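The values are calculated or read from the model by the stated rules, or taken from the named source; none is laboratory data. Quick caveat, the model's predicted, so the values are computed rather than measured. For neighbour counting, all protein chains shown are included, and Cβ atoms are generated from backbone atoms with ideal geometry for every residue, glycine included.
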Amino acid sequence: MVFDLNYLVRLRSKDPQTERHFVTHFSTVIWFRLRNRLKSKEMIADIRQETFYRVMRFVLSDQPFEHPEHLGAFVQSTCQNVMLEFLRGDAKHARQSEPPPDLPDTQLDIEEELVTEDRKRAIQQVLSQLPAKDQQILTMLFLEEIPREEVCRRFDVESDYLRVLLHRAKLRFRDILNGAKVRAAHFLTIIIFL
């Protein structure tokens, strides 16, 4: 069939054979147009249905169709516009359906703060039981985070010897800390059995 004024008149008068030809012909055209652009068969079917709806709404309206021979181009341009609308809507929907990024919790975690304060007090208590030189080395390197070169300069020692001093200070710190844990465990055992 040729797209001309007679075809358009038959389509407007809802001739079943013309409608069947129109749907069959343009279903194939639309499928070939969209098959490489869209992966979803459901979306292709939705676009095809919406295209037919819009074209038929225009054809059945009282608006003049000045060039009936351009019916194929009109269907294809309508299909293109519908596809772009669907893709834009799909992209907006995808952006809206993504959960918003997690915002950092700005409230202070009181429990964590208390644990941190307890640890600081325990560290200070253990440090206070160390010799002054060990206290200074551990404080400078771990609490104040002073570079090793600066600590070497302040103590007037070589880097290798600072490593030895640090090792000894850590051992003493560990011994005092472990002794405090043993005493605390012993104290808890006594309280439990009372």
### Task
Check 99, 147, 131, 104 and return the single one that is exposed (fewer than 11 other Cβ atoms within 10 Å of the Cβ) and either in contact with a strand residue (DSSP E or B) (Cβ under 6 Å, 6 or more places away or on another chain) or at pLDDT 85 or above (or both).
147
#### Entry: Meets criteria (closer than 13 Å to residue 22 by Cβ, surrounded by fewer than 17 Cβ atoms within 10 Å (Cβ to Cβ) and touching a residue at least 12 places away in the same chain (Cβ under 8 Å)) for residue 71
no
### Query
Filter the stretch 34-48 for residues that are in contact (Cβ under 8 Å) with a residue 24 or more places away in the chain, of a type outside the set (A, V, I, L, M, F, W, C) and in a helix (DSSP H, G or I); which is surrounded by the most Cβ atoms within 10 Å (Cβ to Cβ)?
48
### Query
Just one of 29, 55, 2, 9 is aliphatic (A, V, I, L, M) and either in a loop (DSSP other than H, G, I, E, B) or in contact with a Phe, Trp or Tyr (Cβ under 6 Å, 6 or more places away or on another chain) (or both); which is it?
2
### Condition broken by residue 87, with the remaining ones in (1) more than 42 Å from the chain's Cα centre (by Cα); (2) among the aliphatic types (A, V, I, L, M); (3) surrounded by fewer than 16 Cβ atoms within 10 Å (Cβ to Cβ) satisfied
(1)
### In the stretch 5-33, residue surrounded by the fewest Cβ atoms within 10 Å (Cβ to Cβ) [restricted to those that are among the aliphatic types (A, V, I, L, M) and more than 17 Å from residue 66 (Cα to Cα)]
23
### Query
How many residues does the stretch 135-181 hold that are within 44 Å of the chain's Cα centre (by Cα) and among the acidic types (Asp, Glu)?
4
### Message
For the structure I just gave you, tell me whether residue 33 is in contact with a Cys (Cβ under 9 Å, 6 or more places away or on another chain), at pLDDT below 90 and of a type outside the set (S, T, N, Q).
### Response
yes
